[in-house]
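Down below is the structure, laid out as structure tokens.
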Amino acid sequence: MQQAFRIGKVTNNPDTTANVATVQTALSDIERYNNIPLIQHYGFASVPVPGCNLGLTSRGGEINQAVITSTHDANHYPTGMAAGETQIHDNTGQRVYLQGGVTITITANNQVVITAPNIICNATTGMTFNTPMLQVNGMIKATGDVIAGTISLEHHKHPVPDVMAGDDEVETDVPSA
């Protein structure tokens, strides 16, 4: 009886045209097999790169009953994680990193796009955007004061040009709702 679990390598780009990806695999220098199904966890899909390792399981050791149940690419595997931490990553350095119940870090090479009818961010102490420019396409509505630099939108005053009251400039009243 042949082995029921074997280690191999992905030898070509997987075929992802069907609802189950298939992989060409090499189990040794002389054993190559085409169209082995790649079974993945529900809700997750990935396409392993050629050269990464794979775990192949087969009923009774028969290759025509085989499925790939795991893949691992040591060239792109994130290192330095602590026990309990999780990362979703690709081969270009992009990642979502769940760091020990403290921080979730998203790293993208170009942009992060979030699409939904309504997005709510609940931050109990604050939110910081470190960017040279923040662009908003549409209305901004605030329930509290808006401060630009040191100027409060609710509590600022404007000098009234060419009007003097004694030695002082006259200022407008604070804006009202």
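Listed values, structure above:
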| quantity | calculated |
| --- | --- |
| Volume of the Cα convex hull of region 91-134, divided per residue and given in Å³ | 139 |
| Sequence-distant residues sharing a close amide H with E171 (under 5 Å, placed H) | V160 |
| Gaussian network model of the chain, Cα within-10 Å springs - most flexible of G138, G43, G149 | G149 |
| Lys, Arg +1 and Asp, Glu -1 on Cβ, resulting dipole of region 5-72 about Cα centre, debye, nearest 20 | 80 |
| Gaussian network model of the chain, springs between alpha carbon atoms under 10 Å - residue of I147, I39, I68 with greatest fluctuation | I147 |
| Selection from T105, T128, L54 lying farthest towards where the dipole of the chain points positive, charges on Cβ | L54 |
| Of A21, H76, A148, farthest towards positive along the dipole that unit charges on Lys, Arg, Asp, Glu beta carbons give the chain | A21 |
| Cα-centre dipole for the chain with unit charges at Cβ (Lys and Arg positive, Asp and Glu negative), debye to 20 | 1400 |
| Note, ³J(HN,Hα) from phi for region 101-114, Karplus 6.51, -1.76, 1.60, rounded to Hz, x at Gly and Pro | x, 10, 9, 10, 10, 10, 10, 10, 6, 10, 8, 10, 10, 10 |
| Beta bridge orientation in the chain: antiparallel %, DSSP, nearest 5 | 95 |
| Fewest-first ranking of T16, T103, T124, using other Cβ atoms within 10 Å as the exposure measure | T124, T103, T16 |
| Alpha-carbon spread of the chain, three principal axes, descending order, Å | 105, 34, 24 |
| Viscosity 1.567 mPa s, 4 °C: Kirkwood-radius Stokes-Einstein D of region 5-72 over Cα pairs, µm²/s | 110 |
| Nonlocal amide H pairs with E85, under 5 Å, H built at 1.01 Å | G100 |
| Residues with amide H under 5 Å from that of E154, placed H, sequence gap 5 or more | V146 |
| GNM top mover of G144, G84, G61 - the chain, alpha-carbon springs below 10 Å | G144 |
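Only the coordinates and a few stated rules stand behind these numbers; no lab work does. These numbers were taken from a predicted model, which means no experiment stands behind them. Positions of Cβ are backbone-derived with ideal geometry, glycine not excepted, and every protein chain shown enters the neighbour counts.
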